[in-house]
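The values are calculated or read from the model by the stated rules, or taken from the named source; none is laboratory data. The model shown is predicted, which means the values in this text are computed figures rather than measured ones. When we count neighbours, we look across all protein chains shown, and the Cβ atoms used for this are built from the backbone with ideal geometry, even at glycine. The protein model used for the area step is the full one, side chains on, heavy atoms only, and it has no ligands, DNA or RNA in it. Shrake-Rupley method; radii C 1.70, N 1.55, O 1.52, S 1.80 Å.
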Amino acid sequence: MKKWVGILLVLSSILVYWLWPKASIEKPIVVSAQVIESTNTMSVSYITTKQDDAHLMEVTVNGKGFYPPSQTNGETEEENMQIIRDLIAQNGYQLREATIELSDEELAYLMPENSSRTFLANVSFEDYSPIEADGILLLEEEAAEGKLEQDQLHYIFTAPEPMAISTIGHYSSSATVSWSRDGREVKLPLAMEKGDTLDIHFHGPYQMGETDGLLLEIQTTDDNYYTRHLRETVQLPDGYLKQLVNEQR
């Protein structure tokens, strides 16, 4: 009798394993594409299943292609076969990151001609059709320091001139943003004199790559823009990769 009970338990375990929902994804999900001026690099973070070792082939911006470095296999150079960096695994999904080294000419091509610090890119992976993704530009002169306080990233913005802030936004992060002066929430538009400060808090600035940054954009009522980027510091919560995948379905 005990023998049959044991066999039934084994069969039940096998059945549960085969019927239990598995990690699946139709194509890689690009969660971060960043051009970092200080390092002459473009960093792309993306989600796949752990079994899928899809690697980055090309990033196209305004018709111009950017390629990751080739990998040498013995004496043979394999085009676009860079080593994949696995950052974190959750629920059968894997967050990976690839870095493209940019020449001075390539970096100059990507530099903004206006106030926008975002760009549209087509990201290509082996065996998949190109994926449209938003990217951000992190300019060296706009780097700012934030402070982590109880899982919130705190940044103090100082008005460089008289202004009236109409909107405060950010890119490439799932963080929620709030702002205050002297410990009190304030409504926008907000008039500020030169030297006035505004406390800006980000809750849940989840780190999606080794070199991840949060791009802050402040717009004034007369359509001037002030942009800063801060290093993201809070690690991914459990189950977050699965959540992102489900949101894309």
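For the structure I just gave you, tell me whether LEU198 is closer than 21 Å to THR41 by Cβ, part of a strand (DSSP E or B) and of a type outside the set (Gly, Ala, Ser). Quick ask: steps written out before the conclusion?
Details: closer than 21 Å to THR41 by Cβ: no; part of a strand (DSSP E or B): yes; of a type outside the set (Gly, Ala, Ser): yes.
In short, no.
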Review point. Here are some residues: GLU149, GLU141, GLU232. Which one is under 24 Å from VAL35 (Cα atoms) and modelled with pLDDT under 95?
Key: GLU232
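Out of curiosity, is TYR240 open to solvent by 10 Å² or more (accessible area, probe 1.4 Å), closer than 15 Å to ALA144 by Cβ and not assigned by the TED database to the domain that holds MET42? Spell out the reasoning first.
Details: open to solvent by 10 Å² or more (accessible area, probe 1.4 Å): yes; closer than 15 Å to ALA144 by Cβ: no; not assigned by the TED database to the domain that holds MET42: yes.
Considered against the rule, which asks whether it is open to solvent by 10 Å² or more (accessible area, probe 1.4 Å), closer than 15 Å to ALA144 by Cβ and not assigned by the TED database to the domain that holds MET42, TYR240 comes out as no.
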**Study point:** Filter result (of a type in the set (S, T, N, Q) and at pLDDT below 95) within the stretch 8-40
**Key:** SER12, SER13, SER24, SER32
Review point. Condition test on GLY209, is it in contact (Cβ under 8 Å) with a residue 40 or more places away in the chain, out of contact with any Cys (no Cβ under 7 Å at 6 or more places or on another chain) and surrounded by 20 or more Cβ atoms within 10 Å (Cβ to Cβ)?
Key: yes
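If a residue must be surrounded by fewer than 20 Cβ atoms within 10 Å (Cβ to Cβ) and either assigned to a strand (DSSP E or B) or not hydroxyl-bearing (Ser, Thr, Tyr) (or both), how many such residues does the stretch 26-51 contain?
9
Taking THR221 as the residue in question, decide whether it is touching a residue at least 40 places away in the same chain (Cβ under 8 Å), open to solvent by 80 Å² or more (accessible area, probe 1.4 Å), of a type in the set (S, T, N, Q) and in contact with a strand residue (DSSP E or B) (Cβ under 6 Å, 6 or more places away or on another chain). Break it down into steps so the answer makes sense when it comes.
Working: touching a residue at least 40 places away in the same chain (Cβ under 8 Å): yes; open to solvent by 80 Å² or more (accessible area, probe 1.4 Å): yes; of a type in the set (S, T, N, Q): yes; in contact with a strand residue (DSSP E or B) (Cβ under 6 Å, 6 or more places away or on another chain): yes.
So THR221 passes the test.
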Exercise for review: Select from the stretch 172-187 the residues that are surrounded by fewer than 21 Cβ atoms within 10 Å (Cβ to Cβ) and under 28 Å from ASN40 (Cα atoms) and write down the one among them that is farthest from the chain's Cα centre (by Cα).
Suggested key: ALA175
Study note, to complete from the structure: If we ask which residues in the stretch 202-249 are assigned to a helix (DSSP H, G or I) and touching a Phe, Trp or Tyr at 6+ places or on another chain (Cβ under 7 Å), their number turns out to be 4
Point to revise | Extreme residue, most open to solvent (accessible area, probe 1.4 Å), among residues of the stretch 94-141 that are of a type in the set (Ser, Thr, Tyr) and farther than 18 Å from ASP53 by Cα | key: TYR109
Check your understanding: If we scan the stretch 188-198, do we find a residue that is touching a Leu at 6+ places or on another chain (Cβ under 6 Å) and either free of Cβ contacts under 8 Å to residues at least 12 places away in the same chain or surrounded by 12 or more Cβ atoms within 10 Å (Cβ to Cβ) (or both)?
Key -> no
